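See below for the structure under consideration.
Read-outs throughout are calculated quantities, based only on the coordinates presented, and are distinct from any laboratory measurement. Fair warning: this is a prediction, and the values are worked out from it, not measured in the lab. Neighbour counts run over all protein chains shown; Cβ positions are idealised from the backbone, glycine included.
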């Protein structure tokens, strides 16, 4: 299954090529699939921070049962939902504590940005293949 996913990622023109001399790799929306050249092992990583990646969980590997793009979109939507939940919590805390209008506005702007990204990915996920 992972070999098929890797081939789909390589053939996907939207996936960025991150090959090096030790591995072949593609990335889309912060999700990276890596094939080590020496061992031929394939793993999928998700971006956790700016430069920090973790291998996805067995449950998240299940997102890729319907292919590379479907898995990436599903994983990205889950990441956005987590960010939205965190922002909503911060908004509630801000309202109950200092009530800084500037901080509230910043949270609302960030929330709107993530909702726009979420909507775009949802549209791609729901798009019927030709």
Sort 110, 81, 26, 99 so that the residue with the fewest other Cβ atoms within 10 Å of its own Cβ comes first and the one with the most comes last. 99, 81, 110, 26
Does anything in the range 47-83 have its amide N under 14 Å from the 7 Å Cα→Cβ label point of residue 14, and if so which residues? 67-77
Helix 101-126: inclination vs the chain longest Cα principal axis, degrees, rounded to 10, gives 30 degrees
Could you work out how much longer the chain between residue 106 and residue 78 gets when fully extended? Use 0.36 nm per residue separation minus the Cα distance between them, nm to one decimal. 7.9 nm
How much FRET efficiency would the formula 1/(1 + (r/R0)^6) give for residue 48 and residue 99, where r is the Cβ-Cβ distance and R0 is 30 Å, rounded to 0.05? 0.45
Nearest 10 degrees, 0 to 90: helix 68-96 Cα axis against the chain principal axis: 20 degrees
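Which FRET efficiency, nearest 0.05, do residue 3 and residue 113 yield, Cβ-Cβ r, R0 25 Å? Intermediate values should be presented prior to the final figure.
Numbers: r = 36 Å, r/R0 = 1.45.
That gives a FRET efficiency of 0.10.
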Gyration tensor verdict on the range 2-66 (Cα atoms; rounded if a/c is under 1.5, prolate if a/b is larger than b/c, oblate otherwise): rounded
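What does the helix-only formula give at 222 nm for the chain: each DSSP H stretch with n ≥ 4 adding -39500 (n - 2.57), the total divided by the residues, and the result rounded to the nearest 500 deg cm²/dmol?
Mean residue ellipticity, 222 nm, calculated: -18000 deg cm²/dmol.
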Alpha carbon centroid spacing (whole Å) that separates the range 74-112 from the range 1-27: 34 Å
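Using Cβ contacts closer than 10 Å as the measure, can you line up 31, 109 from fewest to most?
109, 31
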